[in-house]
1. Can you tell me which residue in region 85-100 is least open to solvent (accessible area, probe 1.4 Å), limited to those that are more than 18 Å from ASP177 (Cβ to Cβ) and either without any contact (Cβ under 8 Å) to a residue 12 or more places away in the chain or not in a loop (DSSP other than H, G, I, E, B) (or both)?
2. What residue, among those in region 100-146 that are of a type in the set (S, T, N, Q) and in contact with a strand residue (DSSP E or B) (Cβ under 8 Å, 6 or more places away or on another chain), is nearest to PHE86 (Cα to Cα)?
3. From the list PHE255, PHE249, exactly one residue is crowded, with 20+ Cβ neighbours inside 10 Å, among the aromatic types (Phe, Trp, Tyr) and closer than 18 Å to TYR295 by Cα. Which is it?
4. Sort out which residues of region 112-128 are surrounded by fewer than 20 Cβ atoms within 10 Å (Cβ to Cβ), part of a loop (DSSP other than H, G, I, E, B) and in contact (Cβ under 8 Å) with a residue 60 or more places away in the chain, and write them in order of number.
5. Step by step: first the residues of region 16-28, then only those that are free of Cβ contacts under 8 Å to residues at least 40 places away in the same chain and not small (Gly, Ala, Ser), then the one that is farthest from ASP90 (Cα to Cα). Which residue is that?
6. Out of GLU225, GLU171, which single residue is without any contact (Cβ under 8 Å) to a residue 12 or more places away in the chain and open to solvent by 70 Å² or more (accessible area, probe 1.4 Å)?
7. Confirm whether ASN11 is surrounded by fewer than 16 Cβ atoms within 10 Å (Cβ to Cβ), of a type outside the set (A, V, I, L, M, F, W, C) and either farther than 28 Å from MET100 by Cα or at pLDDT 95 or above (or both).
8. Using the structure shown, decide if THR74 is out of contact with any Asp or Glu (no Cβ under 8 Å at 6 or more places or on another chain), open to solvent by 20 Å² or more (accessible area, probe 1.4 Å), closer than 22 Å to GLU112 by Cβ and not in a loop (DSSP other than H, G, I, E, B).
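The values are calculated or read from the model by the stated rules, or taken from the named source; none is laboratory data. Note that the structure is predicted; figures quoted are calculated from it, not measured. Positions of Cβ are backbone-derived with ideal geometry, glycine not excepted, and every protein chain shown enters the neighbour counts. All accessible areas refer to the heavy atoms of the entire protein, side chains included, with ligands and DNA or RNA removed. Shrake-Rupley method; radii C 1.70, N 1.55, O 1.52, S 1.80 Å.
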Amino acid sequence: MEISVIIPVYNKEAFIAQCLERTLSQDFHSFEVVAVDDGSTDASGQICDDVAARNPKLRVIHTPNGGVTAARRTGLEQAQGQYVMFLDADDALLPGALSMSYELITTQEADEVIALYQNQNGDVFDSGCRGYVDSRDIIKNFLATRNSFQPLWGILFKKELLSGCLSFTREIIIGEDILTHIRALVKQPRVYCASHCSYLYVQGLPNTRKKTLQHEMTYDQVLYESLQPLWPALKPWYQLHQLKVYETFLDEKQFHVFKDYYYKLRGTLDGQIPLADRIAFALPPRIGYWPVHYYKKYLRRKSKQIFTYSSAEPEAQ
């Protein structure tokens, strides 16, 4: 078995059948699909079982609800492939995704292959990188919240690279995919950036998860520990991550977070932090809110490719 595609599934009955159909129709010669039903309370688990009864490439694992990271970890433990790709249950793989990424990871002797991805409107997200790229540059991109690379899904990994990368607490429910990928990247693998588009990301679906200060404090601690192998080079980027999250809290008028947590950054910021972020942080929270709010408002308007989800089947290009 060459590739295992791992799909964590929780209450995705409106999407999972199409997700499985597109995945199982891949033209690759040797792959399996491992769907981990994470204690769904809708028909998701039954739909997976029905598809598995008709297609031997699909294995379904039913577990009590433990969260998406635990579901991915279970899938990884059960995976029989030498290589692993994660897929979210409301997204899909594009035709040729497995075969093209497999060819690159084997011929280029890479540890992971990052391809391009697109949304349901056909907009392609491209980091601009081609060929081998320094794993530290990808980590910096994540910490600066630039989102040029997909966090975790649609990337073909050597299975052993992911060892120990999915061991953190269930409390981390936002950004867990980026954290998983960062844990792999600090091992300084050979990362190859491809030019093909492999993943269909359905953008604009409702998301009820909300980041809290307690969540962010937990996330920061795990992130700090994860970055230690490369800490001298990544310390400024870790601080930039903290400032970006602080700015998000300001934009939501959660002014208390400064006194409750972020004040500790005062006087410790690395000189490499962009001046605009340092100024926003130096201002009193209720004053800093205004430049942060209007800048974020500008960014939201600029990206008014805000993609309205349609129940119609997305078109793959």
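1. The qualifying residue least open to solvent (accessible area, probe 1.4 Å) is LEU98.
2. Only one residue fits best here, namely SER101.
3. PHE249
4. ASN121, GLY122, ASP123, SER127
5. Within region 16-28, the match that is farthest from ASP90 (Cα to Cα) is LEU24.
6. Testing whether each residue is without any contact (Cβ under 8 Å) to a residue 12 or more places away in the chain and open to solvent by 70 Å² or more (accessible area, probe 1.4 Å) leaves just GLU225.
7. So ASN11 fails the test.
8. Judged against the criteria, THR74 is a match.
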